[in-house]
């Protein structure tokens, strides 16, 4: 089951059958297997704890492949605000863990990307769907 946000928000959310930690580890393995670069790992729950606040597991992994992302920025440099790609692993109040990411087609619409970006956008969408399935299911 894939829960998708509205066409306006472009968010794709996939339920994970694993814990937040295992989902994150599985995501990192899937990215490594594909030769993608992990640029950052942001642990929002750890940040909240450091500020004396509580937050269920919530991590953002920033990753990508400059070969694909550069094509979008060559088309419209504003696409750089949405690149590199990001995945959010989060645990809902009911304990369900989710993997969420921005739909590359939404990114293309947001930045009014042209025909030159169509191939890379489709490749990103296909890769993200495969990575999400491998990670969460």
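The values are calculated or read from the model by the stated rules, or taken from the named source; none is laboratory data. Everything quoted here is computed from the prediction, not taken from an experiment. For neighbour counting, all protein chains shown are included, and Cβ atoms are generated from backbone atoms with ideal geometry for every residue, glycine included.
Being over 15 Å from the mean Cα position of the chain (by Cα), over 23 Å from residue 26 (Cα atoms) and surrounded by fewer than 21 Cβ atoms within 10 Å (Cβ to Cβ), is that true of even one residue in the stretch 87-99?
No, the stretch 87-99 contains no residue that is over 15 Å from the mean Cα position of the chain (by Cα), over 23 Å from residue 26 (Cα atoms) and surrounded by fewer than 21 Cβ atoms within 10 Å (Cβ to Cβ).
Within the stretch 77-110, work out how many residues are more than 24 Å from residue 34 (Cβ to Cβ) and either free of Cβ contacts under 8 Å to residues at least 40 places away in the same chain or touching a helix residue (DSSP H, G or I) at 6+ places or on another chain (Cβ under 6 Å) (or both).
The first filter runs over the stretch 77-110 and keeps only residues more than 24 Å from residue 34 (Cβ to Cβ), leaving 77-78, 91-96, 109-110.
Right, trim to either free of Cβ contacts under 8 Å to residues at least 40 places away in the same chain or touching a helix residue (DSSP H, G or I) at 6+ places or on another chain (Cβ under 6 Å) (or both) and you get 77-78, 91-95.
Number of matching residues: 7.
Filter the stretch 52-72 down to the residues that are under 18 Å from the mean Cα position of the chain (by Cα) and more than 24 Å from residue 24 (Cβ to Cβ) and list them by number.
67, 70, 72
Quick one: which helices (runs of 4 or more DSSP H) lie wholly within the stretch 1-83 and hold at least 3 residues that are modelled with pLDDT of 95 or more and over 24 Å from residue 113 (Cβ atoms)?
20-33, 44-50
Would you please name the residue that is nearest to residue 55 (Cα to Cα), looking only at residues in the stretch 86-137 that are assigned to a loop (DSSP other than H, G, I, E, B) and in contact with a strand residue (DSSP E or B) (Cβ under 9 Å, 6 or more places away or on another chain)?
92
So which residues in the stretch 33-54 are loosely packed, with under 12 Cβ neighbours inside 10 Å and in contact with a strand residue (DSSP E or B) (Cβ under 8 Å, 6 or more places away or on another chain), if there are any at all?
Listed by number, the list holds a single entry, 40.
Can you pull out every residue in the stretch 61-76 that is touching a helix residue (DSSP H, G or I) at 6+ places or on another chain (Cβ under 7 Å) and within 23 Å of residue 20 (Cα to Cα)?
Residues of the stretch 61-76 touching a helix residue (DSSP H, G or I) at 6+ places or on another chain (Cβ under 7 Å): 61, 63, 68, 71-73, 75.
Passing the criteria: 61, 63.
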